[in-house]
Amino acid sequence: MNIALRRPMGLAEFLAWEERQERKWEYDGFAPVAMVGVTVAHALIRGNLTTALRNRLRGTPCRFYGPELKVQVAGSIRYPDGFVACSPAAANDRVLHDPVVLFEILSPGTQAMDRIVKAREYRDTPSAMRYVMLEQDRPAATIHAREGDRWMVSILVAGETLELPEIGISLPLEELYEEVPFPPPAEEDAAEA
């Protein structure tokens, strides 16, 4: 069997290549990685996150960006489900380099990448102060927060509040999960068994 090995794609080469693609692609520092579609729950959580943060950030130097804009983190190009940046950006910028708070909504197909690979990339990005992973099958979040040189992890569940001191915002978790249809507990328990 003859397997052709591809040479690694450089960052500049990836960015030029991606401009010509119809789909969105991330870059893992070596090659393009195709983006996948989302569920209704994912779309509702992302919409709630967008509304909550855009409204609260009005009048501040910080801006919330959705998944259409790229960030460069630790040599990779990612499309987080959402992120906040607090430095000025030009209208024609396509990549931001200084996210402060990043959000990913976990799904079965991407959660390993989000929990491990992206967590390390975001940790290795000096501007990133907080990384929030939101579950989509229940109101819960895993938060990685920078404290000096360490990345501290905490868990939130229904009834708790997501504190984002880097941008001066508190978000009740229920607000992010408003109108999200969760499976009934019996279905959820059977699926886990």
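Throughout, read-outs are computed from the coordinates displayed, never taken from laboratory work. All values reported here derive from a predicted model rather than from experimental measurement. Here the Cβ is made from the backbone with ideal geometry for all residues, glycine too, and neighbour counts use every protein chain on show.
A few comments on the model shown:
- Antiparallel DSSP beta bridges within the chain, percent to nearest 5: 80 percent
- Taking label positions 7 Å along the Cα-Cβ direction at both THR39 and ALA12, the computed distance is 4.3 nm, reported to one decimal.
- Over all other residues within a Cβ to Cβ distance under 11 Å of GLN136, the charged ones net out to -2, with Lys and Arg as +1 and Asp and Glu as -1.
- Inter-probe distance in nm under a simple model that places probes 7 Å from Cα toward Cβ, at GLN111 and THR161: 2.8 nm
- The GluC sites (Glu not before Pro) of segment 44-146 that meet both conditions, a loop assignment by DSSP and at most 10 other Cβ atoms within 10 Å of the site Cβ, are GLU68.
- If you take all other residues with their beta carbon under 10 Å from the beta carbon of ILE105, and give Lys and Arg +1 and Asp and Glu -1, the sum is -3.
- What the Cα convex hull of the chain gives, in volume per residue, is 162 Å³.
- The stretch between THR51 and ASP137, if pulled fully straight at 0.36 nm per residue, gains 28.9 nm over its current Cα-Cα span.
- Label point at ARG58 placed 7 Å out along Cα→Cβ; residues across segment 152-178 whose backbone nitrogen lies under 20 Å: 167-172, 175-176
- Trypsin sites (Lys or Arg not before Pro) lying in DSSP loop within segment 69-105, provided at most 16 other Cβ fall within 10 Å: ARG94
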